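Visitor: Below are the structure tokens for one structure; questions will follow.
The values are calculated or read from the model by the stated rules, or taken from the named source; none is laboratory data. Quick caveat, the model's predicted, so the values are computed rather than measured. Here the Cβ positions follow ideal geometry from the backbone for every residue, glycine too, while neighbour counts run over all protein chains shown.
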Amino acid sequence: MPQITMSFPHGKHKVLTMSYDDGKAADRKLVEVFNRNGIKGTFHLNSGLLGKGDRIGLEEIKAVYAGHEVSAHTVTHPTIARSPKEALLEEILEDRKDLENIVGYTVRGLSYPNGSYNQYIKELLPYLGIEYARTVHSTGHYSMPDDFLEWHPTCHHNQDLLKRGENFIQLHKQQYLYMMYVWGHSYEFDNDHNWDIIETFCQTVGRQTDIWYATNIEIVDYLNAFHQLKFSANSQFVYNPSAISIWLNVDGDIVEVKGGSQIEL
């Protein structure tokens, strides 16, 4: 029986994802920094607050975040663990509906507003079409999440980001999968006068040959597609019922299993 493990696309063993909240004007600059360095981000927006104050307006959303992911953050940013269930349902579902009307694709992720959540909310989210939800509890680790509905990031960008980025680059043991997940608010770079931190970080970790640059939902979709693979009992062949390719390490060789195909291993 061959030894088979999951790899990221094209056999990579590391993934970087970025997660930013609230949709304020500084997102425009942050997206430019990401784009220059081949990095992808997920941006969590409050549909009921678009265009208010210095938040990006509805008419700009699709263009500003092109190539990245727009995700939910509730309509009005309440502390949802303290909200009645009726308000909770409306805040999440209406945010999804409004954002989907703008971007033209399904919005399936969330970042908890004010970092607020509880077990009841976690159990409710799948019924509202939410497949992942990010917390504000930084782990300092580069591990894959155990629970996508309580997805803890590696660090906030003010938590020794450059050192953590250097450490991430040095991770070389390909028997493991590593994820670096950075979160924050783009306006904090204006407030703290430290745009140089994120610009240096992106220049350093961007366009590395062994790193997959992905949005939050791309990671969720990839892992779910891997778990949907249909292996024969003796692992001699595998069928991929999903639409996307999955890469496997088979006895040290990288093998692509294209969507809808069956291959010998």
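Visitor: Could you tell me how many of the residues in region 197-213 are over 16 Å from TYR178 (Cα atoms), of a type in the set (A, V, I, L, M, F, W, C) and out of contact with any Phe, Trp or Tyr (no Cβ under 7 Å at 6 or more places or on another chain)?
Guide: First, pick out the residues of region 197-213 that are over 16 Å from TYR178 (Cα atoms): 197-204, 207.
With the extra rule that they be of a type in the set (A, V, I, L, M, F, W, C), the set shrinks to 197-198, 201-202.
Subsequent filtering for residues that are out of contact with any Phe, Trp or Tyr (no Cβ under 7 Å at 6 or more places or on another chain) retains 197, 201.
Total meeting the criteria: 2.
Visitor: Restricting the search to region 21-40, which residues are surrounded by 17 or more Cβ atoms within 10 Å (Cβ to Cβ) and either in a helix (DSSP H, G or I) or under 10 Å from the mean Cα position of the chain (by Cα) (or both)?
Guide: Hits for region 21-40 are ASP27, LEU30, VAL31, VAL33, PHE34, LYS40.
Visitor: Let me ask another. Looking at (1) part of a helix (DSSP H, G or I); (2) hydrophobic (A, V, I, L, M, F, W, C); (3) surrounded by fewer than 17 Cβ atoms within 10 Å (Cβ to Cβ), which is the only condition ILE92 fails?
Guide: That leaves (3) as the condition not met.
Visitor: May I pose another question? What's the number of the condition THR200 fails, among (1) hydroxyl-bearing (Ser, Thr, Tyr); (2) buried (at least 16 other Cβ atoms within 10 Å of the Cβ); (3) assigned to a helix (DSSP H, G or I)?
Guide: All conditions pass for THR200, except number (2).
Visitor: Output the residue which, of all residues in region 48-65 that are touching a residue at least 12 places away in the same chain (Cβ under 8 Å), over 19 Å from the mean Cα position of the chain (by Cα) and assigned to a helix (DSSP H, G or I), is nearest to ARG164 (Cα to Cα).
Guide: Among them, the one singled out is LEU49.
Visitor: Quick one: how many residues across region 69-85 are under 13 Å from TYR20 (Cα atoms) and surrounded by fewer than 21 Cβ atoms within 10 Å (Cβ to Cβ)?
Guide: The number of residues fulfilling the criteria is 0.
Visitor: If you don't mind, another one. For region 66-76: of the residues being of a type outside the set (A, V, I, L, M, F, W, C) and over 15 Å from GLY115 (Cβ atoms), which is farthest from the chain's Cα centre (by Cα)? Explain how you work it out, then say what you get.
Guide: Taking region 66-76 and keeping what is of a type outside the set (A, V, I, L, M, F, W, C), we get 67-69, 71, 73-74, 76.
Add one more test, that the residue is over 15 Å from GLY115 (Cβ atoms), and what stays is 67-69, 71, 76.
Values: GLY67: 13, HIS68: 10, GLU69: 8, SER71: 9, THR76: 22 Å.
Only one residue fits best here, namely THR76.
Visitor: Any residue in region 159-170 that is over 30 Å from TYR112 (Cα atoms), without any contact (Cβ under 8 Å) to a residue 40 or more places away in the chain and of a type outside the set (Phe, Trp, Tyr)?
Guide: Our first condition is that a residue be over 30 Å from TYR112 (Cα atoms); within region 159-170, this holds for 170.
Right, trim to without any contact (Cβ under 8 Å) to a residue 40 or more places away in the chain and you get 170.
With the extra rule that they be of a type outside the set (Phe, Trp, Tyr), the set shrinks to 170.
The answer is yes; a qualifying residue exists.
Visitor: Further question on the same structure: When the residues of region 210-235 are narrowed to those that are assigned to a loop (DSSP other than H, G, I, E, B), without any contact (Cβ under 8 Å) to a residue 40 or more places away in the chain and not aliphatic (A, V, I, L, M), which ends up farthest from TYR105 (Cα to Cα)? Break it down stepwise before answering.
Guide: Of region 210-235, the ones assigned to a loop (DSSP other than H, G, I, E, B) are 210, 214-215, 228-229, 232-235.
Now drop any that are not without any contact (Cβ under 8 Å) to a residue 40 or more places away in the chain, which leaves 228-229, 232-233.
Next, only the ones that are not aliphatic (A, V, I, L, M) stay: 228, 232.
Details: GLN228: 23, SER232: 34 Å.
By that ranking, first place goes to SER232.
Visitor: Another question about this same structure. Residue by residue through region 218-227, note down the ones that are surrounded by fewer than 21 Cβ atoms within 10 Å (Cβ to Cβ) and β-branched (Val, Ile, Thr).
Guide: Answer for region 218-227, where residues must be surrounded by fewer than 21 Cβ atoms within 10 Å (Cβ to Cβ) and β-branched (Val, Ile, Thr): just VAL220.
Visitor: Kindly indicate whether PHE43 is assigned to a helix (DSSP H, G or I), at pLDDT 95 or above and either of a type in the set (Lys, Arg) or in contact with a Gly (Cβ under 9 Å, 6 or more places away or on another chain) (or both). Before the answer, list the steps.
Guide: Values: assigned to a helix (DSSP H, G or I): no; at pLDDT 95 or above: yes; either of a type in the set (Lys, Arg) or in contact with a Gly (Cβ under 9 Å, 6 or more places away or on another chain) (or both): yes.
For PHE43, the condition - assigned to a helix (DSSP H, G or I), at pLDDT 95 or above and either of a type in the set (Lys, Arg) or in contact with a Gly (Cβ under 9 Å, 6 or more places away or on another chain) (or both) - is not met.
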